[in-house]
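Every number in this text was worked out from the coordinates using simple rules, so none of it is lab data. These figures come from a predicted structure and were not determined experimentally.
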């Protein structure tokens, strides 16, 4: 069995190929193990995707995404917000602050939107 993750496709030729593959598999003779419920495959899929993500993360060059790697050197099974009952918008805001992607003057300065990395609101 080969699992493929398809995030989305919009190109007509890709759609046509996917449809043709699906139609061609209709006449295949299936082995008895296909009678297993799909829930039996979920742990296998989760483990496979976790291992694939971990290998991609570990194979990143040292200079690529160094700030992200310094924040999270290892991929954990559970997220840092696993036991917290926070709204998604708060989690997104915390993550943006952790990686330095926010609307504070320091980030605006990096993007060339401010002349200074410091807050100028209370200088007077």
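Could you compute how fast segment 85-124 diffuses translationally, taking Rh as the Kirkwood radius over C-alpha pairs and applying Stokes-Einstein at 4 °C with viscosity 1.567 mPa s? Give it in µm² per second. Could the numbers behind the result be given before it?
Working: Rh = 11.3 Å.
In µm²/s, the coefficient rounds to 114.
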Contour minus Cα-Cα distance for residue 99 and residue 70 (0.36 nm per residue): 9.5 nm
